[in-house]
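Below is one structure. I have some questions about it.
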Amino acid sequence: MTRRELALLLGGASILPAAERGFKPLFNDKDLTGWKLVGGRGKGYLVQNGVLVCPEDGGGNLYTEKEYSDFTLRLEWRLWDGGNNGVGIRAPLEGDAAYAGMEIQVLDEASEKYKKGAGLKPTQMTGSVYDVFAAKSGHVKRDGEWNNYEIKAKGRKIKVTLNGVVVTDVDLDTVKDPAVLKKHPGLARTSGHIGFLGHGTRVEFRNIRVKEG
């Protein structure tokens, strides 16, 4: 589905397919209205041809001004060799979102860049709740192909669907290890900002929409 087609659907509730009803766009395809850059690097984030871009010479954390508790987030993203970003959920504006909130990983996990040394940990694969819950790997489209993401946060349950495959479906209350809970106080949060967590590689996002509840 193109951005234009989705915009027409989102703009006309009467013609929305059932699966898209209740969703509202988070990105207007024109500028960063409704977003706040925290700890920006270089150019931060840009809007190019209706796409939200984290450029190679930019990044930082780009958060929604609004906070969200229970929600379903849908978006498309693409990256190139070695691409690395993340989707912050229930995050505060301060601190590292991967620990003070939660980060759902976005990574070119098949890149040779990440096979050096010890390689990636299972909890670093795309779709993982970073450093806590491992996702099923091997479902990332690479080299500029668009990926479809759906992230559901409902109470203590987090579910991530990547390109139609459920790669993560977890209950945060199953984390009992005191060391993990201390390292990740964000697991206890019930609301916060949605954000993109750039790491100096080009990653693009589009068709970003959310349904609360």
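The values are calculated or read from the model by the stated rules, or taken from the named source; none is laboratory data. All figures in this text were calculated on a predicted structure; none of them were measured in a lab. Backbone-built Cβ (ideal geometry, glycine too); neighbour counts: all protein chains shown.
Looking at (1) closer than 19 Å to Thr126 by Cβ; (2) among the aromatic types (Phe, Trp, Tyr); (3) touching a Ser or Thr at 6+ places or on another chain (Cβ under 8 Å), which is the only condition Trp77 fails?
(3)
Next question. Is it true that Val140 is on the phi < 0 side of the Ramachandran plot and either outside any strand (DSSP E or B) or more than 15 Å from the chain's Cα centre (by Cα) (or both)?
Yes.
So for the stretch 107-124 (the condition being part of a loop (DSSP other than H, G, I, E, B) and either in contact with a Pro (Cβ under 8 Å, 6 or more places away or on another chain) or closer than 16 Å to Ile158 by Cβ (or both)), does at least one residue qualify?
no
Hey, another quick one. Condition first: loosely packed, with under 15 Cβ neighbours inside 10 Å, part of a loop (DSSP other than H, G, I, E, B), of a type outside the set (Lys, Arg) and touching a residue at least 12 places away in the same chain (Cβ under 8 Å). Now tell me which residues in the stretch 41-52 satisfy that.
Result: Gly42, single match.
Scan the stretch 153-171 for residues that are surrounded by fewer than 17 Cβ atoms within 10 Å (Cβ to Cβ) and in contact (Cβ under 8 Å) with a residue 40 or more places away in the chain and jot them down.
Hits for the stretch 153-171 are Lys154, Gly155.
Take the residues of the stretch 122-132 that are among the hydrophobic types (A, V, I, L, M, F, W, C) and within 15 Å of the chain's Cα centre (by Cα): which is surrounded by the fewest Cβ atoms within 10 Å (Cβ to Cβ)?
At the first step, the residues of the stretch 122-132 found to be among the hydrophobic types (A, V, I, L, M, F, W, C) are 125, 129, 132.
Imposing the further condition that a residue be within 15 Å of the chain's Cα centre (by Cα) reduces the set to 125, 129.
Values: Met125: 22, Val129: 25.
Looking at residues that are among the hydrophobic types (A, V, I, L, M, F, W, C) and within 15 Å of the chain's Cα centre (by Cα), I get Met125.
Checking the condition modelled with pLDDT of 95 or more, exposed (fewer than 15 other Cβ atoms within 10 Å of the Cβ) and under 30 Å from Lys36 (Cβ atoms), which residue from Leu181, Leu107, Leu93 passes?
Leu181
Further question on the same structure: Name every residue in the stretch 143-167 that is part of a loop (DSSP other than H, G, I, E, B) and of a type outside the set (A, V, I, L, M, F, W, C), in order of residue number.
Here is the first cut: in the stretch 143-167, the residues part of a loop (DSSP other than H, G, I, E, B) are 143-146, 155-156, 163-164.
Asp143, Gly144, Glu145, Gly155, Arg156, Asn163, Gly164, listed by residue number.
Tally time: how many residues in the stretch 168-186 are assigned to a helix (DSSP H, G or I), farther than 16 Å from Val87 by Cα and either touching an Asp or Glu at 6+ places or on another chain (Cβ under 9 Å) or of a type in the set (A, V, I, L, M, F, W, C) (or both)?
Restricting attention to the stretch 168-186, the residues satisfying the condition of being assigned to a helix (DSSP H, G or I) are 172-174, 178-183, 185-186.
The next check asks that each one be farther than 16 Å from Val87 by Cα; those that pass are 172-174, 178-183, 185.
Filter once more, so that each one left must be either touching an Asp or Glu at 6+ places or on another chain (Cβ under 9 Å) or of a type in the set (A, V, I, L, M, F, W, C) (or both): 172, 179-181, 183.
Summing the residues that are assigned to a helix (DSSP H, G or I), farther than 16 Å from Val87 by Cα and either touching an Asp or Glu at 6+ places or on another chain (Cβ under 9 Å) or of a type in the set (A, V, I, L, M, F, W, C) (or both) in the stretch 168-186 gives 5.
May I ask you to list the residues in the stretch 54-79 that are among the polar types (S, T, N, Q) and either surrounded by fewer than 20 Cβ atoms within 10 Å (Cβ to Cβ) or under 16 Å from Lys24 (Cβ atoms) (or both)?
Filtering the stretch 54-79 down to residues among the polar types (S, T, N, Q) leaves 61, 64, 69, 72.
Thr64, Ser69, Thr72, listed by residue number.
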